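Written out below as structure tokens is the structure these notes cover.
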Amino acid sequence: MIRRSEYPNVVTYNTLMHGYCLRGEIDGAMAVVRTMKSMGIVPDIVTCGILLDGFCKEKGIDEAMSLFHAMESNGLVPNIYIYSILINGLCIDGQLNEARNLFDNLSSIGLEADVKTYTMMIRGFCQGGLLDEANELLVQMEAKNCFPDDVTYNTLIRGYIQNKKYSEACALKEKICGPCGRGFSLDAYTTSMILDVLNTEKDDPSALALRQKFFP
């Protein structure tokens, strides 16, 4: 492009950065940022989101939080996409209290959690074994007319199964697939997890209930 005198814009640079991050090459993505700045291209909110996601997955949440604070000091106003990345990163890092605090403060800064944000927080609770909190969050999002999708339901069902709460998994499946259900379908990950349980816990009556409910 440059040899043809067609200079990249911020979208081009962001796309290249995203490619580096997909490969886990966060240093390459940072090099792209330095190049775009040297060309007088100002990073935008998408640029920061790509880097934040890359840091959360490769370098750790501390680097991501440092970038987040640098964004704020440079006048970039984080949107729900940015906060969702941070909440997910904190959950992955096991910092559930910090993630919940960030989540709970969204309304105070004029942002509303979307279905992806709720699902990330629910996944964090499930991974931490806090299933009551995860279920409460499901109820909360429905009360706010933010309707769960297949990803949300699969996430919560997997949380129940991971924590050996098989009856709760069956009850949720019944709720969303019964006569008044919502067209829910299992994804491949959830199906594989259930099959693993059925293979490893053949003598557990509660595990056998999974077969009857999910594979009648």
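Here are the numbers for this structure:
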quantity: Residue (of Thr47, Gly19, Thr190) at the positive-pole extreme of the chain, dipole from beta-carbon charges; calculated: Gly19
quantity: Stretchable slack from Arg34 to Leu198, in nm (0.36 nm times residue separation minus alpha-carbon distance); calculated: 53.9 nm
quantity: FRET efficiency, Asp27 to Ala188 (Cβ-Cβ, R0 35 Å, nearest 0.05); calculated: 0.60
quantity: Estimated inter-spin distance, Ala143 and Glu112, nm [label 7 Å along Cα→Cβ]; calculated: 1.6 nm
quantity: Selected from Gly110, Gly49, Gly19 as most flexible by GNM, with the chain as the system and alpha-carbon contacts under 10 Å; calculated: Gly110
quantity: Among Ile92, Ile122, Ile194, residue whose mean-square fluctuation peaks in a GNM of the chain (springs only between Cα atoms under 10 Å); calculated: Ile194
quantity: Residue of Asn74, Asn135, Asn14 that the Gaussian network model of the chain assigns the largest fluctuation, springs spanning Cα pairs under 10 Å; calculated: Asn74
quantity: Label-to-label distance, nm, for residues given as Arg4 and His69 (7 Å Cα→Cβ offset); calculated: 4.4 nm
quantity: Distance histogram for the chain (every C-alpha pair counted, 10 angstrom bins, percent rounded to whole numbers); calculated: 8, 28, 27, 21, 12, 4, 1
quantity: MRE, 222 nm, helices only [DSSP H, n ≥ 4, -39500 (n - 2.57), over the chain, to nearest 500]; calculated: -21500 deg cm²/dmol
quantity: Histogram of C-alpha separations across region 1-78, 5 Å bin width, %; calculated: 3, 17, 26, 26, 18, 6, 3, 1, 0
quantity: Extension gain from Lys175 to Ile45, taking 0.36 nm per residue of separation minus the Cα-Cα distance; calculated: 42.9 nm
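Readers should treat all values here as calculations from the given coordinates under stated rules, not as data from a laboratory. What you see is a predicted model, and the numbers here were worked out from it, not measured in a lab. Every residue, glycine as well, gets a Cβ built from its backbone with ideal geometry; the counts of neighbours run over all protein chains shown.
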